[in-house]
């Protein structure tokens with residue numbers, strides 16, 4: 001298979017842009033002064049940890065306004081979550097458990113892997129679902145729609161549904177269930193615990 005040169009060129013160009021934004025060119029060193037080179041891993045890590053813009057609310061100084069408390073953050077999306085769950089025939093307690101596990105109700109959350117927003121959608125997944133992951137309501141819709149699709153695929157088996165949401169349906173199909181990845185196994189266990197908690201009305 002040929003190497004996608006154009007894609008590599010775009011990636012390298014983006015890397016240079018990130019380096020320039022995070023570490024602008026310093027003034028010339030004083031004679032005899034040497035500065036240690038900046039490790040690119042640090043540049044990339046800091047760039048990935050930047051928050052996404054919230055198109056809805058901002059403080060007067062322009063900063064994004066997100067409630068600090070978990071319960072308050074989650075309650076902001078409750079009405080929309082219920083509406084979407086009814087539309088896509090998803091148990092609201094399941095969707096709520098996934099959102100809490102994924103982002104804690106923070107629409108500006110972004111993972112180091114590049115997952116975005118309330119339901120931590122990867123850009124490719126969001127595109128396939130037909131939603132803009134940077135729009136909180138559309139992100140929530142995409143995640144609930146994805147849960148609906150996975151639940152249908154696995155005949156209502158929430159263990160496989162959640163494993164596929166975290167690790168991808170291809171891996172679930174390959175292993176015939178939850179893949180042997182500690183992260184995915186913890187994810188399924190924790191989301192199911194939250195689901196039971198919400199189902200009890202706690």
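The values are calculated or read from the model by the stated rules, or taken from the named source; none is laboratory data. These numbers come from a predicted model, not from an experiment. Don't worry about glycine lacking a Cβ; one is built from the backbone with ideal geometry, like all the others, and counts go over all protein chains shown.
Okay, here's what the table says:
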| item | result |
| --- | --- |
| Residue list for the stretch 177-198, restricted to those being in contact with a helix residue (DSSP H, G or I) (Cβ under 9 Å, 6 or more places away or on another chain) and outside any helix (DSSP H, G or I) | 177, 178, 179, 181 |
| Flag if residue 122 is closer than 25 Å to residue 170 by Cβ and touching a helix residue (DSSP H, G or I) at 6+ places or on another chain (Cβ under 9 Å) | no |
| Residue check for residue 177: under 16 Å from the mean Cα position of the chain (by Cα) and assigned by TED's automatic domain parsing to the domain that holds residue 108 | no |
| Only one of 67, 92, 107 that is more than 22 Å from residue 162 (Cα to Cα), in contact with a helix residue (DSSP H, G or I) (Cβ under 6 Å, 6 or more places away or on another chain) and modelled with pLDDT of 60 or more | 67 |
| Only listed residue being closer than 25 Å to residue 79 by Cβ and outside any helix (DSSP H, G or I), chosen from 201, 143, 156 | 201 |
| Any hit, the stretch 76-84, residues being modelled with pLDDT of 95 or more, under 30 Å from residue 153 (Cβ atoms) and in a loop (DSSP other than H, G, I, E, B) | yes |
| Filtered residue count, the stretch 112-130, keeping only those that are in contact (Cβ under 8 Å) with a residue 60 or more places away in the chain and either surrounded by fewer than 22 Cβ atoms within 10 Å (Cβ to Cβ) or farther than 19 Å from residue 72 by Cα (or both) | 3 |
